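Here is the structure we will look at, set down as structure tokens.
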Amino acid sequence: MAKIKSLKGLGARYGIKHRKQYSKVHFLLKEKRTCPECGSKQFTRDAVGIWSCKKCSLKVAGTAYDIKL
Ligand SMILES: [Zn+2]
């Protein structure tokens, strides 16, 4: 059985389809984004739906479940 690397938290539950979707979103949230205000790459996710820029301290709410494809 093929294992998906660094996919912790779900274990062998919920089936492969859901785990694949989870890992996709998981890595998306960990991914670095560009700040819409200053264009800095230090734009990270603080909590669910809260994104903040470390450079210009801009905080953006929402986008809790957005998936860019
Ligand atoms: Zn910024």
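Observations on the model:
- Scope segment 39-49; condition surrounded by fewer than 14 Cβ atoms within 10 Å (Cβ to Cβ) and part of a loop (DSSP other than H, G, I, E, B); matching residues: GLY39, LYS41, VAL48, GLY49
- Of all residues making up segment 53-69, the number that are surrounded by 15 or more Cβ atoms within 10 Å (Cβ to Cβ) and either at pLDDT 80 or above or within 9 Å of the ligand (Cβ to nearest atom) (or both): 2
- Scanning segment 19-38 for residues that are out of contact with any strand residue (DSSP E or B) (no Cβ under 8 Å at 6 or more places or on another chain), in a loop (DSSP other than H, G, I, E, B) and at pLDDT 80 or above yields no hits at all.
- Subset of segment 33-52 (residues that are touching a Lys or Arg at 6+ places or on another chain (Cβ under 8 Å) and near the ligand (Cβ under 8 Å from one of its atoms)): CYS35, CYS38, SER40, GLN42, PHE43
The values are calculated or read from the model by the stated rules, or taken from the named source; none is laboratory data. These figures come from a predicted structure and were not determined experimentally. Neighbour counts are summed over all protein chains in view; Cβ atoms, including those assigned to glycine, are modelled from backbone coordinates with ideal geometry.
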